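Nothing in this text is a laboratory measurement; each read-out follows from the coordinates by a stated rule. Source: prediction; values computed, not measured. Glycine also receives a Cβ, built like all others from the backbone with ideal geometry; neighbour counts cover every protein chain displayed.
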Amino acid sequence: MNDVKCEDLPRHLAIIMDGNGRWAKMRGLPRLAGHRKGADAVRTIVTSCRERGIKVLTLFAFSSQNWSRPLSEVKGLMTLLYTYIKSETAMILDNGIRLTTIGQLDRIPVFARAAVEELVEASESNSDMTLCLSLSYGGREEIVSMARDIGRMCTNGKLAPEDIDANVVENALWSSELGPVDLMIRTSGELRVSNFLLWSLAYSELYFADCMWPDFDESALDRALQSYVKRQRRFGAVV
Ligand code: FPP
């Protein structure tokens, strides 16, 4: 990526890390082995994004719908989350990365949640890059929560319905401080958005990589970024 200027890169990159299960199946391994490899890919990609100057990286780590997976897989994913936080704490703090989350964090088991919350607090003043983990997150769930909050403000007389505009909606979303997504990458060849960041993806460029998430490495990231910098973004206007 030496030939690409930092200001041309996406400010906010969001990734649907799909294909851990298939990666494992293709090798005759249990699904959790795929998730473990997936966590290694998270390590690589977070470091690569930091090196390239990406300001915000949002990862779809666990969706609201993922609770319906077998309990052993859910437990395995929560343990991986805990292990990831513990093993990456020094890297995150030393590299000016601020950890944040979106989603229903209160649904995450306390052992993993406490580790996440501790690092969110410890990294609060870092400003070189924001790493946002989507945990028990769903775009529709986020919209429902926003509607309830705005409804409450109207009932309490703090807001008139006529004053609801895009800014009010945006400010009431879990993801408001992250800003719009510039580039969304999904691995595994699936061509879906799957309830990820529905509001913030409005004008996002989309990139679909054929490889499974555990195989998504630095050069795969660079291919996605190269594709992004070549695109002309018009936001509905004529350029
Ligand atoms: C989708 O693959 C992936 C997930 C539901 C979980 C993502 C988790 C990780 C990348 C590892 C742990 C995360 C962190 C932040 C340390 P899938 O299981 O749906 O794959 P499949 O579609 O091939 O079955």
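Once the gyration tensor of the Cα atoms in region 72-134 is diagonalised, the equivalent ellipsoid follows with semi-axes of 21, 12, 9 Å, ordered largest first. The calculated Kirkwood hydrodynamic radius for region 1-134 is 15.6 Å, given to one decimal from all distinct C-alpha pairs. Scanning residues 5 or more positions from L198 or on other chains, those with amide H under 5 Å from its amide H are G139, with H placed 1.01 Å from N in the peptide plane.
Note that region 49-56 has calculated 3J(HN,Hα) couplings of 5, 4, 5, 7, x, 5, 8, 9 Hz, one per residue in order, obtained from phi through the Karplus relation 6.51 cos²θ - 1.76 cosθ + 1.60 (θ = phi - 60°); glycine and proline are x. Quick one: grab the alpha carbon gyration tensor of region 1-76, order the square roots of its eigenvalues as a ≥ b ≥ c, and give me rounded if a/c is under 1.5, else prolate or oblate depending on whether a/b is larger than b/c. Verdict is prolate for region 1-76. Rounded to the nearest Hz, the phi-derived 3J(HN,Hα) couplings of region 122-138 under the Karplus curve 6.51 cos²θ - 1.76 cosθ + 1.60 (θ = phi - 60°) are 5, 9, 3, 8, 6, 9, 6, 8, 9, 10, 10, 9, 7, 10, 6, 10, x, where x marks glycine and proline. Each residue of region 178-189 is assigned a 3J(HN,Hα), and the resulting list reads 7, x, x, 7, 8, 9, 10, 10, 10, 8, 5, x Hz, derived from the Karplus form 6.51 cos²θ - 1.76 cosθ + 1.60 (θ = phi - 60°), x at Gly and Pro. Taking amide H as placed 1.01 Å from N in the peptide plane, the amide H of T130 sits under 5 Å from that of V56, L57, R98, each at least 5 places away or on another chain.
The number of Lys pairs in the chain with C-alpha atoms less than 17 Å apart, excluding pairs fewer than 8 positions apart on the same chain, is 6. Debye-formula intensities of region 81-226, expressed as log10 I(q)/I(0) at q = 0.13, 0.14, 0.16, 0.21 Å⁻¹, are -0.74, -0.86, -1.08, -1.40 (one equal scatterer per alpha-carbon, no solvent).
Summing +1 for each Lys or Arg and -1 for each Asp or Glu, what net charge is found among the other residues whose Cβ lies under 15 Å from the Cβ of I102? For residues surrounding I102, the net value is -3.
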